[in-house]
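The values are calculated or read from the model by the stated rules, or taken from the named source; none is laboratory data. Keep in mind that this is a model prediction, so the values were computed, not measured. Please note: Cβ atoms are built from the backbone with ideal geometry, for glycine as well, and neighbour counts cover all protein chains shown. The area values use the complete protein model at the heavy-atom level, side chains included, leaving out ligands, DNA and RNA. Shrake-Rupley method; radii C 1.70, N 1.55, O 1.52, S 1.80 Å.
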Number of protein chains: 2
Amino acid sequence: MKTDNKLSSILHVILHLAEHNQAMTSETLALYLKTNPVVIRRMMAGLRQAGLVVSVKGHGGGWTMAKPLAAISLQDVYQALGAPRLFAQGYRQDAPQCLIEQAVNASLDSAFAEAERQLLQKFNAVNLSDIAADFELRRQQHLLTLEHSAATAPQTKEE
Amino acid sequence: MKTDNKLSSILHVILHLAEHNQAMTSETLALYLKTNPVVIRRMMAGLRQAGLVVSVKGHGGGWTMAKPLAAISLQDVYQALGAPRLFAQGYRQDAPQCLIEQAVNASLDSAFAEAERQLLQKFNAVNLSDIAADFELRRQQHLLTLEHSAATAPQTKEE
DNA sequence: TTTTCATGTAACTCAAAATATTACATGATG
DNA sequence: CATCATGTAATATTTTGAGTTACATGAAAA
């Protein structure tokens with residue numbers, strides 16, 4: 001199966017948008033994903049309807065965040081995307097006559113339902129500001145690494 | 001995404017096989033799924049390698065269970081199938097340079113890893129005998145329902 | 001020993017779904 | 001009113017699970 005990448009993609013995009021602090025066009029945002037602006041618009045359409053972002057047409061238009069990152073959960077974004085399928089596993093028949101198949105599906109259903117509950121609960125517990133904070137940590141770490149390599153191995157650099 | 005139905009399918013098949021108590025051909029088993037015998041062989045190949053079933057070629061050959069149902073967990077079957085993908089969600093890039101994308105992926109990774117852990121734990125806790133017992137319950141219930149409808153509404157039957 | 005039946009597997013086709021692209025409509029700004 | 005930007009439908013591409021065909025291998029029956 002081809003995986004659905006919308007959630008990871010749009011999170012990446014809107015965190016850049018939030019970082020940027022002013023309207024950005026679909027075309028600019030598309031560069032982050034190396035994709036077509038229409039793909040951005042399609043995903044953002046859901047977020048707009050959910051009130052997470054705002055779009056403005058015409059000159060100087062584009063996308064802006066409608067809420068602070070701390071007020072948006074992973075769950076909000078996931079739902080705004082139309083709650084795409086989480087699991088790659090399915091059943092051959094949804095309502096089988098065969099009692100054996102019914103028993104099999106019931107057993108799998110219970111396992112997957114439990115996992116889904118937990119997953120959505122986690123989505124609900126994570127805000128975009130948490131991810132932004134993690135990004136900030138990584139950025140600090142990255143800067144330290146750069147400084148360190150500059151201090152200890154400057155001779156590897158070309159002049 | 002097109003779902004992977006191998007787990008549900010093969011469980012259905014081997015529970016019928018266990019029920020039957022003697023060798024069954026791929027062709028016969030394929031009837032339960034309304035599919036091609038080769039599809040059965042392909043899935044059963046994994047179970048054979050894992051020692052869950054035995055295959056015999058030639059006249060009077062076919063498939064038989066190699067272990068009692070109580071000695072086989074959902075996890076065993078899932079692994080024998082080659083541990084097909086559980087989640088339909090993925091990332092655009094597996095090892096992104098962008099620190100924002102890294103933070104996004106780390107966050108999603110953690111959520112999905114936790115859900116996967118729980119799911120596999122559940123798979124491990126369920127034996128095929130549990131599913132067979134549920135089937136038996138459903139069968140008893142089904143028979144009662146038939147009796148009941150025969151007793152209360154015999155006039156609806158044709159002579 | 002030869003025929004028949006059954007699995008084993010590679011190669012190819014088919015179908016469904018996510019993503020990408022094209023085309024054009026709508027609306028806002030300069 | 002020309003340009004820029006979103007909105008969205010229609011179509012093409014890509015990926016992957018499942019189905020099909022073809023043929024090899026091996027065992028039992030005739």
For the range A:7-77 the trypsin sites (Lys or Arg not before Pro) that pass both the DSSP coil test and the at-most-14 other-Cβ-within-10 Å test are A:K34, A:K57
In the range B:46-89, the residues losing 40 Å² or more of accessible area (1.4 Å probe, heavy atoms of protein chains only) relative to their chain alone are B:R85, B:L86, B:A88, B:Q89
The answer for the net charge of residues other than A:S107 whose Cβ lies under 13 angstrom from its Cβ, with Lys and Arg +1 and Asp and Glu -1, is -3
If the label point sits 7 Å along Cα→Cβ of A:V56, residues of the range A:14-35 with amide N under 15 Å come out as A:21-26
Cα-based Rg/(2.2 N^0.38 Å) for the range B:1-153, rounded to two decimals, is 1.36
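Determine, from the Cβ-Cβ distance of B:A66 and A:A83 and an R0 of 51 Å, the FRET efficiency 1/(1 + (r/R0)^6), rounded to the nearest 0.05.
On the way: r = 41 Å, r/R0 = 0.81.
Plugging the Cβ-Cβ distance into 1/(1 + (r/R0)^6) gives 0.80.
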Inter-copy distances for B:P68, label 7 Å out on the Cα-Cβ vector, sorted ascending, nm, one decimal, are 6.2
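Give the total of Lys-Lys pairs in chain A with Cα-Cα distances below 20 Å; include a pair only if its members are 8 or more places apart or on different chains. Walk me through the intermediate numbers first.
Numbers: A:K2/A:K34; A:K6/A:K34; A:K6/A:K122; A:K57/A:K67.
The result is 4.
On average, how much area does the Cα convex hull of the range B:28-76 cover when viewed from any direction, in nm²?
Hull-based average projected area comes out at 3.8 nm².
Counting only protein heavy atoms, what percent of the accessible surface of the protein assembly as shown is carbon or sulfur at a 1.4 Å probe? Before the final figure, lay out the partial values.
Details: 9000 of 17620 Å².
Reported share for carbon and sulfur atoms: 51 percent.
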Asserting the computed 222 nm helical MRE of chain B (DSSP H runs at least 4 long, -39500 (n - 2.57) per run, divided by residue count, to nearest 500) equals -20000 deg cm²/dmol
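Could you tell me the calculated FRET efficiency between A:L137 and B:N5, based on Cβ-Cβ distance and R0 = 51 angstrom, to the nearest 0.05? Show your work: numbers first, answer last.
Details: r = 41 Å, r/R0 = 0.81.
It comes out at approximately 0.80.
For the range B:1-133, with every protein chain kept in place, what is the accessible area per residue (1.4 Å probe, Å²)? Provide the component values of the computation, followed by the final result.
On the way: 6380 Å² over 133 residues.
I get 48 Å² per residue for the range B:1-133.
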Under 5 Å from the placed amide H of A:D4, counting only residues 5+ away or on other chains, we find B:Q89, B:G90
Dividing the alpha-carbon radius of gyration of the protein assembly as shown by 2.2 N^0.38 Å, where N counts its residues, gives 1.34
Taking max minus min of the Cα coordinates of the range A:1-85 on each principal axis, largest first, gives extents in Å of 40, 28, 20
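In Å², nearest 100, what accessible area do chains A and B bury in total when the solvent probe is 1.4 Å? Don't skip to the end; give the middle numbers.
On the way: alone 11260 and 11250 Å², together 17620 Å².
Chain pair A/B: roughly 4900 Å² of buried accessible area.
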Result row for chain B, helices from DSSP H with C-alpha axial extent 15 Å or more and mean Kyte hydropathy at least -1.0, is B:6-20, B:37-49, B:99-125, B:128-152
